[in-house]
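Undergrad: Have a look at this one before I ask anything.
The values are calculated or read from the model by the stated rules, or taken from the named source; none is laboratory data. These numbers come from a predicted model, not from an experiment. Note that we place each Cβ from the backbone using ideal geometry, even for glycine, and neighbour counts take in every protein chain shown. The protein model used for the area step is the full one, side chains on, heavy atoms only, and it has no ligands, DNA or RNA in it. Shrake-Rupley method; radii C 1.70, N 1.55, O 1.52, S 1.80 Å.
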Amino acid sequence: MTTRTERLDGLPFTRKHRRLLLGSGVGWALDAMDVGLISFVMAALAVHWALTPTELSWIGSIGFVGMAIGAALGGLLADRIGRRQVFAATLLVYGLATGAAALSTGIAVLIVLRFIVGLGLGAELPVASTLVSEFAPRRIRGRVVVILEGFWAVGWIMAALIGYFVVPTGDDGWRWALAVGLVPAAYALVIRFGLPESVRFLESKGRVDEAERIVREYEASAGVEPPADSARVEPPAAAIDGAATDRLEPVEESARESIWSPRLRRRTGALWIVWFGINFSYYGAFIWLPSLLVSQGFDLVRSFGYTLIITLAQLPGYAVAAWLIEVWGRRVTLAVFLSGSAVAAGLFGLAGSPATIIAAGMALSFFNLGAWGALYAIGPELYPTRTRGSGTGAAAAFGRIASIIAPLLVPVMLGAGGTAMVFGVFAAAFVVAALAAFTLPERKGVALEET
């Protein structure tokens with residue numbers, strides 16, 4: 001008897017999958033746009049508000065405090081009330097808060113609103129990747145999740161374009177840039193009513209009729225007839241008393257396997273190390289990049305232009321990672337891209353001319369964002385359905401601790417050893433993350449765990 005998840009795993013990639021990927025990807029891009037915009041806003045406020053490096057560091061870091069809390073809470077909520085519901089709610093929260101931040105009258109108000117923005121941003125990413133991974137056909141699941149993560153580059157490029165064309169237009173240019181952040185609030189309605197809930201989540205809650213309806217819709221999109229006995233298929237271990245019912249009782253919380261259980265704790269520890277290392281280096285570098293270029297003598301417009309060029313290299317990085325992840329596998333692809341990021345970070349720290357800055361920066365964008373794609377692909381595959389959201393969310397939350405610390409440390413490291421020291425430390429963090437990635441289990445072509 002074929003289960004619903006096996007029926008989903010065996011389908012080809014259809015227009016329904018494409019719609020889910022695009023719908024989730026647009027939300028992902030809007031998330032990236034918001035994160036990227038703050039780097040340009042920081043550079044502008046350093047000029048318009050005469051802020052100190054410490055004040056700028058808090059503007060950059062406070063959002064990641066919210067993201068750490070949001071990632072942990074979002075994952076837990078996704079396992080309890082559903083992936084789609086949390087996805088939509090997070091878009092609404094950070095969209096409204098970003099729009100409100102455009103009206104900030106001082107640094108204190110801006111910091112409070114950036115914290116609220118972070119709550120929504122942090123919760124969205126692990127939830128969206130979990131939802132997409134649970135629908136993607138098994139043979140291309142990793143590639144589909146990397147493509148989802150590729151929308152991050154689209155969003156960051158949007159942020160760079162807004163930063164280049166809008167932020168420098170005047171003293172209030174940064175306000176107009178943040179006002180664009182209201183778009184995610186409207187898009188939350190699309191997520192809530194336009195995307196399906198995870199079949200695996202529905203089955204884990206005993207909502208088998210809803211799960212069956214969604215699977216049949218995907219089968220119809222592929223031109224596949226459902227099995228004759230499909231209406232009687234029950235989710236594994238979902239029936240409490242062995243009797244099939246229209247609405248099965250949900251599994252007791254005591255049956256939920258901890259992410260730190262003997263079976264899962266090694267992969268959890270390695271995943272947390274990778275998340276910490278990649279967050280530390282990525283956000284430490286890219287949140288400060290426009291401001292670092294300004295501090296090296298480039299004017300605001302020129303530094304934003306360089307940042308835009310460097311950002312464009314994210315797209316081919318995702319594309320190559322999406323191809324390699326189903327050729328080399330998740331673990332090797334992740335480790336290789338992290339190693340490439342380490343080399344690129346070291347070269348960026350030594351770059352002195354515009355040409356070398358752009359070349360090293362593009363290499364850092366290419367490898368770093370390819371590594372992000374592989375990381376988001378492998379995370380949801382490491383956990384069973386009932387802990388998948390909380391497992392990926394907890395790893396993301398731990399990683400956000402690094403994204404809080406890194407922007408605060410950049411001014412300190414600059415004072416101690418300049419740009420070379422800053423990016424030397426980032427390179428070392430990438431090396432540690434690459435070593436941890438090699439210890440993760442390879443899940444290429446393996447079905448997602450149900451229990």
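Undergrad: State which residue is surrounded by the most Cβ atoms within 10 Å (Cβ to Cβ) when the search covers only the stretch 229-265 and only residues that are within 24 Å of Leu382 (Cα to Cα), among the polar types (S, T, N, Q) and modelled with pLDDT of 55 or more.
TA: Ser258
Undergrad: Going through Ser390, Ser341, Ser365, Ser353 one at a time, which residue ends up being out of contact with any strand residue (DSSP E or B) (no Cβ under 7 Å at 6 or more places or on another chain), open to solvent by 10 Å² or more (accessible area, probe 1.4 Å), closer than 28 Å to Ile69 by Cα and hydroxyl-bearing (Ser, Thr, Tyr)?
TA: Ser390
Undergrad: Identify, from the list Glu55, Glu6, the residue that is within 17 Å of Ala108 (Cα to Cα), charged (D, E, K, R) and either surrounded by 21 or more Cβ atoms within 10 Å (Cβ to Cβ) or out of contact with any Pro (no Cβ under 7 Å at 6 or more places or on another chain) (or both).
TA: Just a single option satisfies the conditions, and that option is Glu55.
Undergrad: Of these, Gly277, Gly349, Gly297, which one is among the small types (Gly, Ala, Ser), closer than 27 Å to Trp58 by Cβ and not in a helix (DSSP H, G or I)?
TA: After ruling out the rest, the residue left standing is Gly297.
Undergrad: Would you point out which residue out of Thr311, Thr268 is among the hydroxyl-bearing types (Ser, Thr, Tyr), in a helix (DSSP H, G or I), at pLDDT 90 or above and open to solvent by less than 10 Å² (accessible area, probe 1.4 Å)?
TA: Every option except Thr268 fails the conditions.
Undergrad: Okay, moving on. Determine which member of the set Pro184, Pro196 is under 28 Å from Gly155 (Cβ atoms), open to solvent by less than 40 Å² (accessible area, probe 1.4 Å), out of contact with any strand residue (DSSP E or B) (no Cβ under 7 Å at 6 or more places or on another chain) and in a helix (DSSP H, G or I).
TA: Pro184
Undergrad: Out of the residues in the stretch 12-52 that are surrounded by fewer than 21 Cβ atoms within 10 Å (Cβ to Cβ) and of a type in the set (S, T, N, Q), state the one that is farthest from Gly106 (Cα to Cα).
TA: Looking at residues that are surrounded by fewer than 21 Cβ atoms within 10 Å (Cβ to Cβ) and of a type in the set (S, T, N, Q), I get Thr14.
Undergrad: Considering only residues that are among the β-branched types (Val, Ile, Thr) and more than 22 Å from Leu178 (Cβ to Cβ), which ones fall in the stretch 54-91?
TA: Ile81, Val86
Undergrad: Is one or more of the residues making up the stretch 434-450 in contact with a Phe, Trp or Tyr (Cβ under 8 Å, 6 or more places away or on another chain), touching a residue at least 24 places away in the same chain (Cβ under 8 Å) and among the hydrophobic types (A, V, I, L, M, F, W, C)?
TA: No, there is no match, as no residue in the stretch 434-450 is in contact with a Phe, Trp or Tyr (Cβ under 8 Å, 6 or more places away or on another chain), touching a residue at least 24 places away in the same chain (Cβ under 8 Å) and among the hydrophobic types (A, V, I, L, M, F, W, C).
Undergrad: Right, another one. Of the residues that make up the stretch 168-181, is at least one out of contact with any Cys (no Cβ under 6 Å at 6 or more places or on another chain), open to solvent by less than 10 Å² (accessible area, probe 1.4 Å) and at pLDDT below 85?
TA: Among the residues of the stretch 168-181, at least one is out of contact with any Cys (no Cβ under 6 Å at 6 or more places or on another chain), open to solvent by less than 10 Å² (accessible area, probe 1.4 Å) and at pLDDT below 85, which makes the answer yes.
Undergrad: Ok, one more. Have a look at Leu11, Leu51, Leu37 and point out the one that is over 30 Å from Arg141 (Cα atoms), in contact (Cβ under 8 Å) with a residue 40 or more places away in the chain, hydrophobic (A, V, I, L, M, F, W, C) and outside any helix (DSSP H, G or I).
TA: Step by step, each of Leu11, Leu51, Leu37 is checked, and only Leu51 is over 30 Å from Arg141 (Cα atoms), in contact (Cβ under 8 Å) with a residue 40 or more places away in the chain, hydrophobic (A, V, I, L, M, F, W, C) and outside any helix (DSSP H, G or I).
Undergrad: Quick check on my filter: what residues within the stretch 23-58 are in contact with a Ser or Thr (Cβ under 9 Å, 6 or more places away or on another chain) and polar (S, T, N, Q)?
TA: Ser24, Ser39
Undergrad: Of Tyr306, Tyr376, which residue is closer than 26 Å to Phe40 by Cβ and surrounded by 24 or more Cβ atoms within 10 Å (Cβ to Cβ)?
TA: Criteria check complete, one pass: Tyr376.
Undergrad: OK, next. Within the stretch 19-41, work out how many residues are modelled with pLDDT of 85 or more and more than 17 Å from the chain's Cα centre (by Cα).
TA: Qualifying residue count, the stretch 19-41: 2.
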